[in-house]
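Comments concern the structure below.
Please treat every number below as a calculation from the coordinates, not as lab data. Note that this is a predicted model, so its numbers are computed, not measured. All Cβ positions, even for glycine, are placed from backbone atoms using ideal geometry, and neighbour counts span all protein chains on display.
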Amino acid sequence: MFESIRHALHLLVSGDKEVYAIAWTSLRFAGTSTIICTLISLPLGVWMGFHNSRLKKVLAAILNSLIALPTVVIGLLIYSLLSRSAPLGGLGLLFTPTGIIIGQVVLALPIIASMVYSALSRLDPRLRETLITLGAPRLSMFWMILRESRTAILSAILAGFGRVVGEVGVSMMVGGNIRWYTRTLTTAIALETSKGEFEMGLALGIILMLVAFSINFLLHWTVRHER
């Protein structure tokens, strides 16, 4: 055990090319999918937070259901859409970075959207009424509402990022775990462990733990700073 830890730390300190390439690939995929999710979730959350309709209830139920789905199920659904005989098979997105990002967007979107919606639903309803009374443009209203809920929104974004950076089902099924191309931290850990290469798996696990600790630190720092 101690020998494996020593070799793992040596891989990290020596700047092993493959270890850091895998880490960068994983962070790049997670960052891109989180940005896309944020651009979709913020307008959706604002709309759900300030409109009462049957469609909002249906969307809330769908989002809550998607949150509960295991990552392998979402990976299977995306795979069934992107495989060669599927409706989107002609696009050639299976086993590509784009395919992984699409899967991660589907995975993180319900989390971010639900948390944004929950945060905005707790806002004082008089805020929107006051902005309308003052004649604020729609874009100004949108940014003012986001500003009032910035801490909760940042927490939602970080939670979405943490969800996708640590998932394995979507990346394995849709990305194919191709070396130097679609191999991420979680898929590489699973592969190296199955091969008995515990040193490489442990080194990648340390990086993943550092990422998780960094996300938690940012969440706690943001909440504390806001108070």
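Rounded, prolate or oblate: which one fits region 169-213, using the alpha carbon gyration tensor with axes a ≥ b ≥ c (rounded when a/c is under 1.5, else prolate when a/b beats b/c, else oblate)? Oblate shape, in that a/c is at least 1.5 and b/c is the bigger or equal ratio. Compared with the dominant principal axis of the Cα atoms in the chain, helix 17-50 is inclined by about 20°.
Net charge near residue 21, counting Lys/Arg +1 and Asp/Glu -1 over other residues with Cβ under 11 Å of its Cβ?
Values: positive: 17, 28, 179, 183; negative: 16, 18.
Net of charged neighbours comes to +2.
Principal-axis analysis of the Cα atoms of the chain puts helix 185-195 at an angle of about 30° to the longest axis. For residue 216 and residue 139, a Förster radius of 25 Å and the Cβ-Cβ distance give a FRET efficiency of 0.15, rounded to the nearest 0.05.
What separates the Cα centres of region 1-28 and region 33-83 is a distance of 34 Å. Each Lys or Arg adds one and each Asp or Glu subtracts one; over the other residues with Cβ under 14 Å from the Cβ of residue 198, this totals -2.
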